[in-house]
Amino acid sequence: MCAICGWLNSKEKLNEKQETFKEMLELMSCRGKDNTGYHFEENIMLGHKRLAIVDLETGNQPMYSKEYVIIYNGELYNTQEIKEELIKKGYTFETTSDTEVILKGYIEYKEKILDKMEGIFAFAVYNKETKELFLARDRFGIKPLYYCQKENNFVFASMLRAILKSEIVKPRLSKKALGEILALGPSKKLGSGIFTGINELRAAHYMKVKNGEITIKRYWNVETKECTDTFEEAKEKVKTLLTDSVKRQMVSDVDIATLLSGGLDSSLITAIVSKNKKDKLTTYSIDYEENDKYFKKTDFTVSLDEHYIDIMSKTFNTEHRYKVITQDDVIKYLEESLYARDYPGMTDIESSLLWFSKEIAKEYKVILSRRMRRRILWRISMVL
């Protein structure tokens, strides 16, 4: 994770808002504590909180090229392919980061760069000469991007709390938003920012902001096609694409691990990672205290996870680490998990996930899990 934040005013200077802006960015430190960067001009402020995964030394942001500046949260899986294409067009690169590739790709192709990008992302590019701000979000909306426009002010951020801190909008729930929380939670309506006056840039959309005017367009959509493959052909194609998708997400300058529950998703990811990782893979699982004592078999949960975890760990020779959360810790992390999300979610599930993530973070920055499903399905849908 990383966090991005920006404040644009088409008519008034923002010099006196710089301290507030720094506080806005600091509220998102949970998304990245490795580096903090700012870009300040009279009418725009841009900020970035970094969790360093790739190009640890030279990948800090904001990043600049010519009259352009970028802030970016995400991971580009086809960095090398786009980079080689740009080199043939005469571009040179000073870093090994995907951020520089996206920036120079935007300089060359403008919004058409989105057609070439395979990854998860939310980013903003500002043209210092034309004063145009460009924002985009990945195809499945995996990386968050909220925004608010009021009078001459346009504010965007990775988290709702940062926008609320600007105080250009008050933290008020509409009836529709309250209905979303009560009826759809932990999900919400596409494009909803929960609070009145705040919206979310929808997945597979980009936005242009200039002179107080906003233009939003969709750049991609799922296409339905008839499958003419035989069963064997489809099986091999899905296997190839699944393997390729997971391998692309293994690109990291820090060590990686996986979550392993013994279920289908986590077992597939663990199998692929273990086969393509040079050294021994570490896997993690979570369980609740005394779960073995009170477990009752149902049609949906036929056994404890441990049996299948052991099979997978032995088969692929992983270093497995069991983490057991107490009921006290489930309760203890309820408030913090609510704050981390910025609005109500799945209570005990999210508090236990927060605790679990903190435990893993003591040893690993990058963990691959079943939550990658949307990324994998997108990758497969691009080809099938």
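The values are calculated or read from the model by the stated rules, or taken from the named source; none is laboratory data. Predicted model only: the values in this text are computed from it and were never measured. Ideal geometry is used to build each Cβ from the backbone, glycine not excepted, and the neighbour counts take in all protein chains shown.
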Can you say whether GLY197 is without any contact (Cβ under 8 Å) to a residue 40 or more places away in the chain and either in contact with a helix residue (DSSP H, G or I) (Cβ under 9 Å, 6 or more places away or on another chain) or not in a strand (DSSP E or B) (or both), as far as the supplied structure shows? no
Candidate set: the stretch 59-111, residues that are small (Gly, Ala, Ser) and under 27 Å from TRP7 (Cα atoms); chosen: the one surrounded by the most Cβ atoms within 10 Å (Cβ to Cβ): SER97
Out of (1) assigned to a loop (DSSP other than H, G, I, E, B); (2) acidic (Asp, Glu); (3) closer than 22 Å to THR318 by Cβ, what's the single condition that is false for ASP244? (1)
Taking PHE195, is it of a type in the set (Phe, Trp, Tyr) and more than 22 Å from PRO344 (Cβ to Cβ)? no
From the residues in the stretch 313-325 that are in contact with a strand residue (DSSP E or B) (Cβ under 8 Å, 6 or more places away or on another chain) and not in a strand (DSSP E or B), which one is farthest from LEU281 (Cα to Cα)? SER313
Given the conditions (1) part of a helix (DSSP H, G or I); (2) closer than 24 Å to LEU51 by Cβ, which single one is not true for ASP310? (2)
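Table: residues versus (1) at pLDDT 85 or above; (2) touching a helix residue (DSSP H, G or I) at 6+ places or on another chain (Cβ under 7 Å); (3) surrounded by fewer than 17 Cβ atoms within 10 Å (Cβ to Cβ).
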site	(1), (2), (3)
GLU336	yes, yes, yes
ILE349	yes, no, yes
GLU363	yes, no, yes
MET372	no, yes, no
TRP378	no, no, no
VAL383	no, yes, yes
Can you tell me which residue among GLU226, GLU232 is surrounded by fewer than 14 Cβ atoms within 10 Å (Cβ to Cβ), over 23 Å from the mean Cα position of the chain (by Cα) and in a loop (DSSP other than H, G, I, E, B)? GLU226
The stretch 199-222, residues that are surrounded by fewer than 15 Cβ atoms within 10 Å (Cβ to Cβ), more than 30 Å from ASN276 (Cβ to Cβ) and of a type outside the set (Lys, Arg): ASN211, GLY212, GLU213, ILE214, THR215, ASN221
Of everything in the stretch 160-196, what is under 12 Å from ASP342 (Cβ atoms), surrounded by 14 or more Cβ atoms within 10 Å (Cβ to Cβ) and of a type outside the set (A, V, I, L, M)? Give them in sequence order. ARG161, LYS165, PRO171, LYS188, GLY193, PHE195
Please determine, by comparing only the residues of the stretch 19-65 that are of a type in the set (Lys, Arg) and touching a residue at least 40 places away in the same chain (Cβ under 8 Å), which one is nearest to ALA361 (Cα to Cα). ARG31
Can you pull out the residues in the stretch 108-135 that are modelled with pLDDT of 95 or more and touching a Lys or Arg at 6+ places or on another chain (Cβ under 6 Å)? PHE121, ALA122, GLU132, PHE134
Considering the stretch 210-240 alone, what residues qualify as being aliphatic (A, V, I, L, M) and either in contact with a Phe, Trp or Tyr (Cβ under 6 Å, 6 or more places away or on another chain) or more than 28 Å from TYR147 (Cα to Cα) (or both)? ALA234, VAL238
